[in-house]
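Here's the structure we're looking at; comments come further down.
The values are calculated or read from the model by the stated rules, or taken from the named source; none is laboratory data. Predicted model, so just to flag it, every value in this text is computed and none were measured. Heads up, the Cβs are rebuilt from the backbone with ideal geometry, glycines too, and the neighbour counts pull from every protein chain shown. Just the protein is used for accessible areas: all its heavy atoms, side chains included, with ligands, DNA and RNA removed. Shrake-Rupley method; radii C 1.70, N 1.55, O 1.52, S 1.80 Å.
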Amino acid sequence: MLFVDDEPDVLKVLQMAMKPMANEWETHFVEGGREALALMQQQPFDVVVSDMRMPEMNGAQLLNQILRRHPRTVRIVLSGYADLQDVMSCVGVVHQFLQKPCNLVDLRKCLKRVADLNSQLQHEGLRALAAGMPNLPSVPDLYLQILDAIQSPNASVQRIAEIASRDPALSAKLLQLSNSAFFGFSHEVYSVTEAVQILGAGTIQSLALAVPLFTAFDPQKCPSFPLEQVWDHSAETGVLARKLASSHFGDSRLGEQAFAAGLLHDVGKIILADGLPDQYTAILSDARAQAKPLFEMERKALRVTHADLGAYLLALWSLPFPLVEAVAYHHEPRRLQSATFDLAGVVHVADWLHRQQSDHPDIPPAPLDMEYLNAVGVAKHLDEWREDFAVGGE
């Protein structure tokens, strides 16, 4: 881990804070961006933590250079200054933003989460692929709709929220921003609608017009990847997850969390289709030819699945852990070893319910994890849920 700050006293405090982790982490401390880049030419770093306002080269400029030269490196800002201009210079470059003064225990916890993420996703090439993505590309039609909405002189929170609720890519970016210390919010944000409301149409408009807050997916990149189907499935899974959670738990708040988790559960597929189009085309072809669930063929070819990769990116973006966990385990919730029906289980069932509508008729859906559903006592509800929450039902 590399810490960059132009104030020697701050670096001394950080050195003291990192001492308890000396047996686990190798840490380095430098006083400027040029020194940081020179050191990174000599050895790789998993994480860089940089101050924002420094002479000669500020934090945004440094992390932009690191993104281009070392895309696998996790990029974190630790700064006492945050205005909209800072945000604009960092969106798409910074994975996480921490504010000074920062509780040093919390800083270590944050860095430990990042270290754990890297150990869980062993494929270095895929880590670099995810860490190097400034945003996730959207379906071209939704991209044009959101462009129209934000360029309108009467940009509306309601309209932006409505489009975002159908677009996993835009939703993920809005949740990243609303959960960032960039904006100083004191609670975790799970709801896409709440994210839009607290950011405000003006801020979203300013960001989107100044930086590449979102982009359109090029369908020619991976022609066999059914992007519209995946996005429709994601939105419908979110709706089903909200209905199921609200009904089962009697809690609308959990329903909104379930909607977000369902909407985001397949974002790893877009990372693979956009970043590894040729290899992913072959995986899709093998899944069809062998009539095997896609996540099994991904694991066979890559040693990880789209669920692993999507969860890695969302965790890098500091989305609430229950959302990350639900994305990571939506195919195999038993791996959580949970004794209760949780968010991952809700998304697992909602995913299966929508797959019954055969939105991928040529690739078999992932099977239900009956071991988990029996263990948490909800297997008996499956027929009832299939009837009550049929796609298009109330």
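Based solely on its DSSP helices, what 222 nm [θ] is calculated for the chain when runs of n ≥ 4 H residues each add -39,500 (n - 2.57) and the sum is averaged over all residues, nearest 500 deg cm²/dmol?
Value at 222 nm, helices only, nearest 500: -17000 deg cm²/dmol.
Give me the extension gain from Glu387 to Asp106: residue separation times 0.36 nm, minus the current Cα-Cα distance, reported in nm with one decimal. Intermediate values should be presented prior to the final figure.
Working: separation 281, 0.36 × 281 = 101.16 nm, distance 4.57 nm.
Gain on stretching Glu387 to Asp106: 96.6 nm.
Please calculate the 1.4 Å probe accessible area of Glu35, with all protein chains present, and give it to the nearest 10 Å².
100
What is the Cα coordinate range of region 41-133 on the first, second and third principal axes, sorted by size from largest, in whole angstrom?
Computed over region 41-133, the largest-to-smallest principal extents equal 36, 30, 25 Å.
With the chain treated as a Gaussian network of Cα nodes joined by springs under 10 Å, which of Leu207, Leu263, Leu14 yields the largest mean-square fluctuation?
Highest fluctuation among the options: Leu14.
Could you check how much of the accessible area of region 46-165 is carbon and sulfur, as a whole percent, using a 1.4 Å probe?
On region 46-165, the fraction of accessible area on carbon and sulfur atoms equals 50 percent.
Tell me the label-point distance for the pair Asp278, His28, using the 7 Å Cα-to-Cβ offset, in nm and rounded to one decimal.
Rounded to a tenth, the inter-label distance reads 3.3 nm.
Can you give the charge dipole size of the chain about its Cα centre, rounded to the nearest 20 debye, using +1 on the beta carbon of Lys and Arg and -1 on the beta carbon of Asp and Glu?
Charge dipole, the chain, about its Cα centre: 640 debye, nearest 20.
Which number comes out as Rg/Rh for region 285-351 once both Rg and the Kirkwood Rh are worked out on C-alpha atoms? Please list the in-between numbers first.
Details: Rg = 12.9 Å, Rh = 12.6 Å.
The Rg/Rh ratio comes out at 1.02.
Whenever you get a sec, line up Thr237, Thr215 from highest to lowest accessible area (probe 1.4 Å, protein heavy atoms).
My answer, sorted largest first, is Thr215, Thr237.
For the chain, state what percent of all Cα-Cα pairs lands in each successive 10 Å bin, counting from 0 Å until the bin that includes the largest distance.
With a bin width of 10 Å, the distribution comes to 5, 23, 32, 25, 13, 3, 0.
Using only Cα atoms and rounding to the nearest 10 degrees, what angle (0 to 90) does helix 8-18 make with the longest principal axis of the chain?
Roughly 50 degrees, rounded to the nearest 10.
Restrict the search to region 8-85; then list the chymotrypsin sites (Phe, Trp or Tyr not before Pro) that DSSP places in a loop and that have at most 14 other Cβ atoms within 10 Å of their Cβ.
Qualifying residues, ordered by number: Tyr81.
Taking the simple approach of a point 7 Å from Cα along Cα-to-Cβ for both Ala38 and Arg68, what is their distance in nm?
Distance between label points: 2.0 nm.
Could you pull out the GluC sites (Glu not before Pro) across region 182-242 that fall in loop regions by DSSP (anything but H, G, I, E, B) with no more than 15 other Cβ atoms inside 10 Å?
Glu188
Given a Förster radius of 30 Å and the C-beta distance between Asp362 and Leu144 as r, what FRET efficiency does 1/(1 + (r/R0)^6) yield to the nearest 0.05?
Here the calculated transfer efficiency is 0.60.
Using the alpha carbons of region 1-83, what is the convex hull volume per residue in cubic angstrom, as a whole number?
Dividing the Cα hull volume of region 1-83 by its residue count gives 90 Å³.
Give me the one-decimal Kirkwood hydrodynamic radius in Å for region 151-245, with the sum taken over alpha-carbon pairs.
14.6 Å is the Kirkwood radius here.
For region 255-394, I need the span (max minus min coordinate) of the C-alpha atoms along each principal axis, in Å, sorted largest to smallest.
Here the Cα extents, ordered largest to smallest, are 41, 35, 28 Å.
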